[in-house]
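Worksheet: one structure, shown below.
The values are calculated or read from the model by the stated rules, or taken from the named source; none is laboratory data. Note that the structure is a prediction, hence the values are computed from the model and not measured. Glycine also receives a Cβ, built like all others from the backbone with ideal geometry; neighbour counts cover every protein chain displayed.
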Amino acid sequence: EPEVTQTPSHQVTQMGQEVILRCVPISNHLYFYWYRQILGQKVEFLVSFYNNEISEKSEIFDDQFSVERPDGSNFTLKIRSTKLEDSAMYFCASSEGPPEAFFGQGTRLTVV
Amino acid sequence: AQKITQTQPGMFVQEKEAVTLDCTYDTSDQSYGLFWYKQPSSGEMIFLIYQGSYDEQNATEGRYSLNFQKARKSANLVISASQLGDSAMYFCAMRGRETSYDKVIFGPGTSLSVIP
(Lines give C-alpha, C1' and ligand atoms only; values in the text may rest on other atoms or scores of the structure.)
Protein backbone atom coordinates (compact mmCIF):
# COMPACT_ATOMS: atom_id res chain seq x y z
CA GLU A 1 0.00 0.00 0.00
CA PRO A 2 1.45 3.41 -0.93
CA GLU A 3 2.53 5.56 1.98
CA VAL A 4 4.07 8.92 2.82
CA THR A 5 7.71 8.49 3.84
CA GLN A 6 9.65 10.92 6.02
CA THR A 7 13.36 11.08 6.70
CA PRO A 8 15.08 11.19 9.07
CA SER A 9 12.92 9.65 11.79
CA HIS A 10 14.86 11.61 14.42
CA GLN A 11 17.05 14.66 13.99
CA VAL A 12 19.10 16.35 16.69
CA THR A 13 20.46 19.78 15.91
CA GLN A 14 22.16 22.62 17.72
CA MET A 15 20.28 25.84 18.29
CA GLY A 16 20.90 28.26 15.44
CA GLN A 17 21.57 25.55 12.86
CA GLU A 18 19.50 24.96 9.76
CA VAL A 19 17.63 21.68 9.29
CA ILE A 20 15.89 20.17 6.30
CA LEU A 21 13.14 17.63 6.87
CA ARG A 22 12.34 15.43 3.92
CA CYS A 23 9.16 13.82 2.75
CA VAL A 24 8.24 11.60 -0.16
CA PRO A 25 4.49 11.95 -0.72
CA ILE A 26 2.33 9.30 -2.34
CA SER A 27 3.18 9.42 -6.03
CA ASN A 28 -0.09 10.57 -7.61
CA HIS A 29 -0.92 13.07 -4.90
CA LEU A 30 -1.09 16.78 -5.70
CA TYR A 31 -1.55 18.41 -2.32
CA PHE A 32 1.19 18.44 0.31
CA TYR A 33 1.24 19.59 3.92
CA TRP A 34 3.43 20.02 6.94
CA TYR A 35 2.15 19.78 10.50
CA ARG A 36 3.91 19.84 13.81
CA GLN A 37 3.18 18.51 17.26
CA ILE A 38 5.03 19.85 20.27
CA LEU A 39 5.36 17.10 22.86
CA GLY A 40 2.09 16.55 24.68
CA GLN A 41 0.23 19.14 22.64
CA LYS A 42 -2.16 19.30 19.74
CA VAL A 43 -1.19 18.66 16.12
CA GLU A 44 -0.89 22.07 14.42
CA PHE A 45 -1.10 22.95 10.75
CA LEU A 46 1.95 24.70 9.33
CA VAL A 47 1.58 24.96 5.57
CA SER A 48 -0.13 23.53 2.50
CA PHE A 49 1.41 23.34 -0.96
CA TYR A 50 -0.28 22.85 -4.30
CA ASN A 51 0.77 23.42 -7.89
CA ASN A 52 4.29 24.32 -6.81
CA GLU A 53 3.31 27.08 -4.47
CA ILE A 54 2.11 27.64 -0.93
CA SER A 55 -1.68 27.67 -0.82
CA GLU A 56 -2.10 28.40 2.87
CA LYS A 57 0.14 28.89 5.88
CA SER A 58 -0.46 29.34 9.57
CA GLU A 59 0.87 32.10 11.79
CA ILE A 60 3.49 29.63 13.01
CA PHE A 61 4.97 29.44 9.51
CA ASP A 62 7.07 32.59 9.60
CA ASP A 63 10.19 33.60 7.69
CA GLN A 64 12.17 30.97 9.57
CA PHE A 65 10.37 28.27 7.59
CA SER A 66 10.32 27.44 3.91
CA VAL A 67 9.04 24.57 1.79
CA GLU A 68 10.23 23.26 -1.51
CA ARG A 69 9.50 20.54 -3.99
CA PRO A 70 12.99 20.22 -5.46
CA ASP A 71 12.09 17.37 -7.81
CA GLY A 72 9.11 15.28 -8.78
CA SER A 73 9.11 13.15 -5.67
CA ASN A 74 10.44 15.05 -2.64
CA PHE A 75 8.81 17.71 -0.50
CA THR A 76 11.02 19.45 2.05
CA LEU A 77 10.60 21.69 5.07
CA LYS A 78 13.57 23.90 5.90
CA ILE A 79 13.92 25.54 9.27
CA ARG A 80 16.56 28.25 9.36
CA SER A 81 18.32 29.13 12.61
CA THR A 82 16.48 26.63 14.79
CA LYS A 83 15.27 27.61 18.24
CA LEU A 84 14.69 25.42 21.28
CA GLU A 85 10.94 25.82 20.84
CA ASP A 86 11.14 24.27 17.36
CA SER A 87 11.62 20.90 19.07
CA ALA A 88 8.58 18.89 18.00
CA MET A 89 7.33 16.05 15.87
CA TYR A 90 6.94 17.21 12.27
CA PHE A 91 4.47 15.41 10.05
CA CYS A 92 4.23 15.53 6.31
CA ALA A 93 0.91 14.67 4.65
CA SER A 94 -0.29 14.34 1.10
CA SER A 95 -3.60 14.09 -0.67
CA GLU A 96 -4.90 13.29 -4.13
CA GLY A 97 -7.71 15.71 -3.52
CA PRO A 98 -10.13 16.70 -0.82
CA PRO A 99 -11.04 15.60 1.67
CA GLU A 100 -8.71 12.65 2.37
CA ALA A 101 -5.19 13.17 3.70
CA PHE A 102 -2.46 10.66 4.52
CA PHE A 103 0.28 11.33 7.05
CA GLY A 104 3.84 10.15 7.22
CA GLN A 105 5.32 8.60 10.32
CA GLY A 106 6.88 11.90 11.41
CA THR A 107 10.34 13.31 12.10
CA ARG A 108 11.18 14.01 15.70
CA LEU A 109 13.27 17.18 15.80
CA THR A 110 15.24 17.92 18.94
CA VAL A 111 16.99 21.27 19.20
CA VAL A 112 19.69 21.40 21.86
CA ALA B 1 -15.02 28.02 12.20
CA GLN B 2 -14.30 24.32 12.19
CA LYS B 3 -13.64 22.76 15.55
CA ILE B 4 -13.13 19.24 16.91
CA THR B 5 -13.98 18.32 20.50
CA GLN B 6 -12.83 15.19 22.26
CA THR B 7 -14.20 15.30 25.79
CA GLN B 8 -12.35 12.28 27.16
CA PRO B 9 -8.72 13.16 27.92
CA GLY B 10 -8.09 9.62 29.14
CA MET B 11 -9.86 6.27 28.92
CA PHE B 12 -9.24 2.80 30.33
CA VAL B 13 -10.57 -0.42 28.86
CA GLN B 14 -10.14 -4.07 29.75
CA GLU B 15 -8.38 -6.20 27.17
CA LYS B 16 -10.86 -7.88 24.76
CA GLU B 17 -13.59 -5.40 25.63
CA ALA B 18 -14.98 -2.80 23.21
CA VAL B 19 -14.42 0.90 23.76
CA THR B 20 -15.95 4.05 22.27
CA LEU B 21 -13.93 7.23 21.90
CA ASP B 22 -16.07 10.33 21.55
CA CYS B 23 -15.68 13.03 18.93
CA THR B 24 -17.95 15.93 18.11
CA TYR B 25 -17.29 18.53 15.47
CA ASP B 26 -18.54 21.88 14.36
CA THR B 27 -18.63 23.04 10.78
CA SER B 28 -20.85 24.94 8.41
CA ASP B 29 -19.72 22.79 5.50
CA GLN B 30 -21.96 20.28 3.80
CA SER B 31 -18.99 18.40 2.35
CA TYR B 32 -16.25 17.34 4.73
CA GLY B 33 -14.19 14.38 5.78
CA LEU B 34 -13.63 12.93 9.24
CA PHE B 35 -10.57 10.96 10.26
CA TRP B 36 -9.26 9.04 13.21
CA TYR B 37 -5.55 8.67 13.81
CA LYS B 38 -3.65 6.63 16.37
CA GLN B 39 -0.42 7.91 17.86
CA PRO B 40 1.53 5.35 19.91
CA SER B 41 4.21 6.42 22.34
CA SER B 42 6.78 6.19 19.53
CA GLY B 43 5.13 9.26 18.00
CA GLU B 44 4.12 8.28 14.50
CA MET B 45 0.65 9.19 13.25
CA ILE B 46 -1.23 6.14 12.02
CA PHE B 47 -4.33 6.57 9.90
CA LEU B 48 -7.16 4.38 11.15
CA ILE B 49 -10.42 5.24 9.42
CA TYR B 50 -12.11 7.83 7.25
CA GLN B 51 -15.74 8.90 6.88
CA GLY B 52 -17.00 11.23 4.20
CA SER B 53 -19.94 13.44 5.08
CA TYR B 54 -21.98 12.06 2.21
CA ASP B 55 -21.20 8.43 2.95
CA GLU B 56 -24.45 6.76 3.89
CA GLN B 57 -22.87 3.85 5.71
CA ASN B 58 -20.63 4.02 8.73
CA ALA B 59 -17.01 3.34 7.89
CA THR B 60 -15.40 0.14 9.17
CA GLU B 61 -11.79 -1.05 9.03
CA GLY B 62 -11.16 -4.34 10.78
CA ARG B 63 -11.68 -3.78 14.51
CA TYR B 64 -12.35 -0.07 14.00
CA SER B 65 -15.70 1.40 13.16
CA LEU B 66 -16.89 4.96 13.04
CA ASN B 67 -20.30 5.71 14.51
CA PHE B 68 -21.23 8.68 12.33
CA GLN B 69 -24.27 10.67 13.40
CA LYS B 70 -24.40 13.61 11.05
CA ALA B 71 -27.34 15.42 12.63
CA ARG B 72 -25.62 15.32 16.01
CA LYS B 73 -22.24 16.15 14.43
CA SER B 74 -20.58 13.25 16.12
CA ALA B 75 -18.06 10.74 14.79
CA ASN B 76 -17.23 8.34 17.57
CA LEU B 77 -14.58 5.67 17.10
CA VAL B 78 -15.45 2.18 18.28
CA ILE B 79 -12.64 -0.29 18.85
CA SER B 80 -13.85 -3.85 19.29
CA ALA B 81 -11.93 -6.56 21.15
CA SER B 82 -9.27 -4.20 22.55
CA GLN B 83 -5.67 -5.36 22.50
CA LEU B 84 -2.71 -4.21 24.60
CA GLY B 85 -1.23 -2.68 21.45
CA ASP B 86 -4.20 -0.35 21.19
CA SER B 87 -2.84 1.72 24.08
CA ALA B 88 -2.08 5.08 22.45
CA MET B 89 -3.34 8.61 21.86
CA TYR B 90 -6.27 8.81 19.46
CA PHE B 91 -7.00 11.93 17.47
CA CYS B 92 -10.22 12.82 15.72
CA ALA B 93 -9.72 15.19 12.79
CA MET B 94 -11.64 16.80 9.97
CA ARG B 95 -11.10 18.57 6.71
CA GLY B 96 -13.66 20.58 4.80
CA ARG B 97 -14.53 23.33 2.40
CA GLU B 98 -14.55 25.92 5.19
CA THR B 99 -10.77 25.77 5.17
CA SER B 100 -10.58 25.30 1.40
CA TYR B 101 -9.63 21.72 2.17
CA ASP B 102 -6.17 23.14 2.81
CA LYS B 103 -5.74 21.77 6.25
CA VAL B 104 -6.81 19.04 8.62
CA ILE B 105 -8.07 20.26 11.98
CA PHE B 106 -7.21 17.98 14.89
CA GLY B 107 -8.94 17.48 18.19
CA PRO B 108 -6.99 17.47 21.47
CA GLY B 109 -6.85 13.68 21.58
CA THR B 110 -7.88 10.89 23.93
CA SER B 111 -5.31 8.73 25.67
CA LEU B 112 -6.45 5.11 25.70
CA SER B 113 -4.95 2.58 28.08
CA VAL B 114 -5.78 -1.10 27.64
CA ILE B 115 -5.55 -3.08 30.87
CA PRO B 116 -4.65 -6.78 30.79
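A few remarks follow.
- Checking B:M94 against (1) over 27 Å from A:Q6 (Cα atoms); (2) within 14 Å of chain A (Cβ to nearest Cβ); (3) touching a residue at least 24 places away in the same chain (Cβ under 8 Å), the condition it does not meet: (1)
- Matching option when the condition is exposed (fewer than 14 other Cβ atoms within 10 Å of the Cβ) and either touching a Leu at 6+ places or on another chain (Cβ under 9 Å) or at pLDDT below 95 (or both), among A:S73, A:S55, A:S87: A:S73
- For the stretch A:16-35, the count of residues that are without any contact (Cβ under 8 Å) to a residue 12 or more places away in the chain and under 25 Å from B:G107 (Cα atoms) is zero.
- Residue match in the stretch A:36-43 (condition: modelled with pLDDT of 95 or more, closer than 24 Å to A:T110 by Cβ, among the hydrophobic types (A, V, I, L, M, F, W, C) and surrounded by 13 or more Cβ atoms within 10 Å (Cβ to Cβ)): no
- Among the residues making up the stretch B:95-115, those that are at pLDDT 85 or above and assigned to a loop (DSSP other than H, G, I, E, B) are B:G107, B:P108, B:G109.
- Condition met for A:E96 (surrounded by fewer than 20 Cβ atoms within 10 Å (Cβ to Cβ), within 18 Å of A:E3 (Cβ to Cβ) and either within 14 Å of chain B (Cβ to nearest Cβ) or at pLDDT 95 or above (or both)): yes
- The set of residues from the stretch A:38-82 being in a loop (DSSP other than H, G, I, E, B), within 14 Å of another protein chain (Cβ to nearest Cβ), without any contact (Cβ under 8 Å) to a residue 12 or more places away in the chain and in contact with a strand residue (DSSP E or B) (Cβ under 7 Å, 6 or more places away or on another chain) comprises just one member, A:K42.
- Of all residues in the stretch B:20-40, those that are over 16 Å from B:Y54 (Cα atoms) have Cβ atoms under 6 Å from Cβ atoms of residues that are modelled with pLDDT of 90 or more and assigned to a loop (DSSP other than H, G, I, E, B), 6 or more apart or on another chain, in B:D22/B:T7; B:D22/B:Q8; B:C23/B:Q6; B:T24/B:K73.
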